[in-house]
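Contents: one structure, followed by commentary.
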Amino acid sequence: MLGEMLDTSPEQREAYFARIRSLSTAERIAMMDRLCRGVRTMAEAGIRHAHPEYSDAEVRRELTVRLYGEDVALRLHGPNVATRP
């Protein structure tokens, strides 16, 4: 099951989901925004770790490739001018 919490007791799992259900729509949107920003930050850090020589623009392009594919990266950022392995 997607999102299954295998390391959490049934009681704690129910308390977690009850808390999520109690949030307003605006609170849920804010939570999702923070989660998405956190994932993006971690992905960018991973790219920088693997390719410390990349410029900020190259990191953004690589993130676009990973999220949306080469075709979208080509449209948004142009061709990959870096010739890296």
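Hand me the GluC sites (Glu not before Pro) from the chain located in a DSSP loop with no more than 15 other Cβ atoms within 10 Å, in residue order please.
4, 53
Please state the Cα pair-distance histogram of the chain with 10 angstrom bins from zero: what percent is in each bin?
15, 31, 24, 21, 10, 1
By how many nm would the segment from residue 68 to residue 24 lengthen if fully extended, with 0.36 nm per residue of separation less the alpha-carbon distance?
Additional length available on full extension: 12.8 nm.
At 1.4 Å probe size, with no ligands or nucleic acids counted, give the accessible surface of residue 65 in Å², nearest ten.
Surface open to solvent at residue 65 totals about 40 Å².
What does the helix-only formula give at 222 nm for the chain: each DSSP H stretch with n ≥ 4 adding -39500 (n - 2.57), the total divided by the residues, and the result rounded to the nearest 500 deg cm²/dmol?
On the way: 4 runs with 60 residues, N = 85.
The helix-only estimate for the chain comes to -23000 deg cm²/dmol at 222 nm.
When the dipole is taken about the Cα centre of the stretch 33-85, and only Lys, Arg (+1) and Asp, Glu (-1) are charged at their Cβ, what size is it in debye, to the nearest 20?
160
Taking 2.2 N^0.38 Å as the expected size of a compact globular protein, what ratio does the Cα radius of gyration of the stretch 25-71 give against it, to two decimals? Intermediate results must be reported in sequence, preceding the final value.
Values: Rg = 12.9 Å, N = 47, 2.2 N^0.38 = 9.5 Å.
After normalising by residue count via 2.2 N^0.38 Å, the value is 1.36.
Distance between Cα centroids, the stretch 1-55 to the stretch 60-83: provide it in whole Å.
What the calculation gives is 25 Å, centre to centre.
The values are calculated or read from the model by the stated rules, or taken from the named source; none is laboratory data. Keep in mind that what you see is a predicted model, and the values were worked out from it rather than measured. Cβ atoms come from the backbone with ideal geometry, glycine included; neighbour counts cover every protein chain shown. All accessible areas refer to the heavy atoms of the entire protein, side chains included, with ligands and DNA or RNA removed. Shrake-Rupley method; radii C 1.70, N 1.55, O 1.52, S 1.80 Å.
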